[in-house]
Amino acid sequence: MSARGETRLLLTARIILLTLPLWLVSGRAAVDADLSLVMILFLVRSAMARDWGWARSTWFRIGLGLWAWTLVVSLFAFDHVLSFSQALPWIRFLLFAAALESWVLNELWMRRLLWVATVILVFTALDTLLQYFHGSDIFGDPRWSQERLTAMFERPRVGIFITKLMFPVVFGVFAWRAWHRKWLWSSIAFAGLILLLLSAIFLSGERMALLLAVLGLTLGALLQKGPLRILVASALSLGIAGMVVLAVLNPLMITRHIDETRTTVA
């Protein structure tokens, strides 16, 4: 394989990967197509370059063993045809991860991917706040109910979407910049991001998403050291304070997050 051909193939895979955070909003099918394209390009490159060294890594062999085990146990499932058909394509996630580790991502493209995810995350949070205060989001979608929001999604899942995407952004971009770059402005941006994200999750009405976000940030603070631990803890405190203010302004949110949770636990 020529160097120019591999360079073009690699650039194509990287550009496709940068669109992945955007497709997360569209649904699973678009994300699956995106990562499958990257996986296919990776296999094509490996075959043309006769480079299969990545398959000998320990983590990939363990993952391959787990995948093989899911195929075996599928034969003993109640609906073994359905179980086997769901387990078989799971290997694409292993190949996608191998592509990212050994071919697609370096430090530069990792940070580019995180910045794209940051834009998607901030836009989603702002769209959630717009739907709460205005009654409809930027695309004209109305509120699901008085207690639940959807933003640009078809059903109430914007809160868990933000929770799933926030940790690579929070700790992979903003905490890193606050530690290695201009401390003051990066710290302000970090705290503002936490306040924005927690407020959006809180207003979405998704209790489990809020619990996971708060517990995740708490764990993140405990895992840091020195000034960075103080920064994360302070940003989390600011986010919680923001949620308290929103709860006081709208008693329905207190009912949704506290009273219903108490009833569920009971």
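List of remarks:
- Of the residues Met110, Met39, Met166, Met208, ranked by 1.4 Å probe accessible area with the largest first, the sequence reads Met208, Met110, Met39, Met166.
- Secondary-structure-derived ellipticity at 222 nm for the chain, considering helices only, amounts to -24000 deg cm²/dmol, per-run term -39500 (n - 2.57) for DSSP H runs with n ≥ 4.
- Overall form of region 194-240 per C-alpha gyration tensor (a/c, 1.5; a/b vs b/c): oblate
- Dipole check for region 75-157: with +1 at the C-beta of Lys and Arg, -1 at the C-beta of Asp and Glu, and the Cα centre as origin, the magnitude is about 60 Debye.
- Computed from backbone phi with θ = phi - 60° and the Karplus coefficients 6.51, -1.76 and 1.60, the 3J(HN,Hα) list for region 55-72 is 6, 8, 5, 4, 5, 5, 5, 5, x, 5, x, 5, 5, 4, 5, 5, 5, 5 Hz; x is used for glycine and proline.
- Mean-position separation - Cα centroids, region 8-37 and region 115-161, in angstrom: 22 Å
- Mean Cβ count within 10 Å, highest first, over the residues of peptides 123-131, 149-157: 123-131, 149-157
- Taking the C-alpha atoms only, the angle from helix 226-249 to the longest principal axis of the chain is near 50 degrees.
- Here the dipole of the chain is about 800 debye; that uses its Cα centre as origin and unit charges on the Cβ of Lys and Arg (positive) and Asp and Glu (negative).
- Maximal additional length on extending the Leu249-Leu71 stretch stands at 58.8 nm, based on 0.36 nm per residue less the C-alpha distance.
- For the chain, the longest principal axis of the C-alpha atoms and the axis of helix 28-49 are separated by about 30°.
- In sequence order, region 126-138 has phi-based couplings of 5, 5, 5, 5, 4, 5, 5, 7, 9, x, 8, 8, 5 Hz under the Karplus curve 6.51 cos²θ - 1.76 cosθ + 1.60, θ = phi - 60°, and Gly or Pro positions carry x.
- Per-residue 3J(HN,Hα) values for region 198-207, derived from phi via the Karplus relation 6.51 cos²θ - 1.76 cosθ + 1.60 with θ = phi - 60°, read 5, 5, 5, 5, 4, 5, 5, x, 8, 5 Hz in sequence order (x marks Gly and Pro).
The values are calculated or read from the model by the stated rules, or taken from the named source; none is laboratory data. What you see is a predicted model, and the numbers here were worked out from it, not measured in a lab. Counting neighbours? That spans all protein chains shown, and the Cβs are built from the backbone with ideal geometry, glycine included. All accessible areas refer to the heavy atoms of the entire protein, side chains included, with ligands and DNA or RNA removed. Shrake-Rupley method; radii C 1.70, N 1.55, O 1.52, S 1.80 Å.
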